[in-house]
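Structure first, commentary second.
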Amino acid sequence: MASTTMRPDPAACGDEDQLMRIGACRALLHERMAEIDADAAEIFADWQAEIGRPEFLAGAENLAFYLAARQRDLTELQDDLAALGLSSLGRAESHPRQSLAAVAATLDGLSGGPAFWPDPAEMTAGVEFITDQQELFFGDYPGRYKTRIMVTVPEQGAHDPAYIGRLMEAGASCFRINCAHDGPEIWAAMIANIREAEVKAGRHCPVLMDIAGPKCRIETVDNAGRHRLHRGDRFVLLRDPDGERFGLPAITITFPHIIAKLQPGMLVWIDDGKIGARIAEIGDCGVVLEITIAGDKGEKLKLEKGVNFPAVDLEIEPLTEKDRADLDFVALHADIVGCSFIQRTEDLRLMMTELDRRRGDRAPRPLLLKIETTLAVRNLPRLIVQAGASRPVGVMIARGDLAMEVGTERLSEVQEEILWLCEAAHIPVVWATQVLQTLLKTGAPSRAEVTDAAMGQRAECVMLNKGHYIVETIRFLAGILRRMDRHQFKKTARLSALTSWRGPQPL
């Protein structure tokens, strides 16, 4: 700790009322710090024994302190500090203990006592570690502290070597292979083309291979796919394809055991929220659902579209047979392994065990935890510690399924909280799902999605999906991120010069 002693004349600090306010604020701050320290020590003690990776210790300890601090409502203290012209602690995720100590030192000094400030290097160490991890996960372009762009590779990336080069030239810095599609032969060709483009560009562009995981999908469609369904229409979710249809369109799903957990009134989402339905009746063969949300022109129930049951703990095995087969290739060829639908620490331990067994004596691969369920959000601190204890870890905010699970009205709050928590743990984040989707598909962005893309700049990486206009979209996103990088870093506004009002202003 760097220390500086300041003993001003108390009379110089203002009138007696101001000195009393300083003293009250100082006493409250020291009281809260003692409480937070005690709670943080208890949280960290529960984690420490299993952390075998020394470079993760600082992030885990900081996360414990942050969790302890955020279990309290500190808004009153923030208001008091702001009134004194001091930091209100609203941007302290990567260094909350040091920020509290710095403010406490200032209050100590204003009260006429000895003051000891943290070493400035302690305030930036967390951000520096995140930045190093950003390069490991998302590549070395376009420089430190700059948000990267991840692109999901379509099959064209396997057959056209020049295609990957065009994506990189437009601004892509890392690539995602979705293991829900294609297979080892196509994946190997994609990776070979990425490696070739890397060498030509003199760049490091990591490859994320995203294990599909146990996503519940529509497995069969009977009659429902022939016409559009509208609000108020009904369809049947069957336990098996031979169940009674009641003259209604019918579907089955990949995990039929879920049907036994359903109750009347429960909400079901299909195809990332394009269709919302409530369970109207429970029968021996399945359940009848009534559509409550659909586009004005109606929607079709389609094969392989996702189905979400936000009120149900699905209790699904975290790795399917396909996932285990895919891991044989992924463990040896991916730079980063994406873990889909990981919800509990036991799910994560199984994934790591299966990966490590296939890697033999090679170093563990970094993991990217896809957060897409309410349970995963609730367990996120423990999931981060479980993975970070033995290997580099990052988080993807998978906003498609996550929105269906937590509710679209809560999504903006939850994605903010995930960003803050990951910064506190000193790990990088990907802002994902439907970023600039209209531009990708049609060549023209909506105004709302431009703002969404700009918000993604606070993450270490923004992910784009496949689309006909992918090159144009990468360039467009790169421009947004470049501009926003001038003005924002995480929650901190950068006071760079404004360009909209240069020169004399018109009357």
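Only the coordinates and a few stated rules stand behind these numbers; no lab work does. Since the structure is predicted, the reported quantities are computational estimates derived from the model, not experimental observations. Heads up, the Cβs are rebuilt from the backbone with ideal geometry, glycines too, and the neighbour counts pull from every protein chain shown.
Observations on the structure shown:
- This ranking places VAL236, VAL199, VAL414 by how few other beta-carbon atoms lie within 10 Å of each, fewest first, which gives VAL199, VAL414, VAL236.
- Taking other residues whose beta carbon is less than 15 angstrom from the beta carbon of VAL207, and scoring Lys, Arg as +1 and Asp, Glu as -1, yields -3.
- Label point distance in nm, LYS200-PHE116, each placed 7 Å from Cα along Cα→Cβ: 5.9
- Evaluated with a Cβ-only charge set (Lys, Arg +1; Asp, Glu -1), the stretch 218-308 carries a dipole of roughly 300 debye about its Cα centre, given to the nearest 20.
- Among ALA121, MET351, ALA158 - extreme Cα towards positive end, dipole of the chain, charges at beta-carbon: ALA158
- Under-5 Å amide H pairs with ASP272, H placed in peptide plane, nonlocal only: GLY306
- Ranking of ASP347, ASP313, ASP452 by count of other Cβ atoms within 10 Å, fewest first: ASP313, ASP452, ASP347
- Other-chain or far-sequence residues with amide H under 5 Å of ALA311's (modelled H): LEU267
- Between ARG349 and ALA49, the contour length at 0.36 nm per residue exceeds the Cα-Cα span by 106.4 nm.
- Going from the fewest other Cβ atoms within 10 Å to the most, the residues LYS300, LYS441 appear in the order LYS441, LYS300.
- Based on Cα contacts under 8 Å between residues 6+ apart, the stretch 218-308 shows a relative contact order of 39 percent.
- The mean sequence distance of close C-alpha pairs (under 8 Å, at least 6 residues apart), as a share of the length of the stretch 10-118, puts its relative contact order at 32 percent.
- Using θ = phi - 60° and Karplus 6.51 cos²θ - 1.76 cosθ + 1.60, couplings along the stretch 255-260 (whole Hz; Gly, Pro as x): 10, x, 4, 4, 4, 5
- Placing unit charges on the Cβ atoms only, positive for Lys and Arg and negative for Asp and Glu, gives the chain a dipole magnitude near 1660 debye about its Cα centre.
- Relative contact order of the chain, defined on C-alpha pairs under 8 angstrom at six or more residues apart (%): 15
- Since only LEU248, ALA201, LEU238 are under comparison, the one whose Cα sits farthest along the positive direction of the charge dipole of the stretch 191-252, derived from C-beta charges on Lys, Arg, Asp and Glu, is ALA201.
- With a cut-off of 12 Å on the backbone N, the residues of the stretch 236-266 near the modelled label site 7 Å out from ILE282 along Cα-Cβ are 259-266.
- Shape category assigned to the stretch 218-308 from the gyration tensor of Cα positions, a/c cut at 1.5: rounded
- Alpha-carbon centroid distance for the pair the stretch 261-283 / the stretch 321-337, whole angstrom: 33
- Placed amide H near GLY283: partners under 5 Å, 5+ positions off or other chain: VAL288
- DSSP beta bridges in the chain [antiparallel fraction, %, rounded to 5]: 45
- Spin-label pair ALA188-ARG357: with each label point 7 Å from Cα along the Cα-Cβ axis, the two points sit 2.3 nm from one another.
- Within the shell defined by Cβ-Cβ distances under 12 Å, the residues around LEU238 carry a net charge of -4, with Lys and Arg each +1 and Asp and Glu each -1.
- Here r is the Cβ-Cβ distance between LEU314 and PHE246 and R0 is 25 Å; the resulting FRET efficiency, rounded to 0.05, is 0.45.
- The separation of the stretch 432-506 from the stretch 102-132, counted between C-alpha centres, amounts to 33 Å.
- Separation of alpha-carbon centers, the stretch 36-79 and the stretch 156-229, rounded to whole Å: 38
- Here's the picture: charge each Lys and Arg Cβ at +1 and each Asp and Glu Cβ at -1 in the stretch 351-428, and of GLY400, LEU367, ILE418 the one pushed furthest to the positive end of that dipole is LEU367.
- LEU495 versus GLU31: modelled label distance in nm, points set 7 Å from Cα along the beta carbon direction: 3.4
- Dividing the helix sum by the residues of the chain, where each DSSP H run of 4 or more adds -39500 (n - 2.57), gives a mean residue ellipticity at 222 nm of -14000 deg cm²/dmol.
- Prolate/oblate/rounded call for the stretch 10-118, Cα gyration tensor, a/c under 1.5 rounded: prolate
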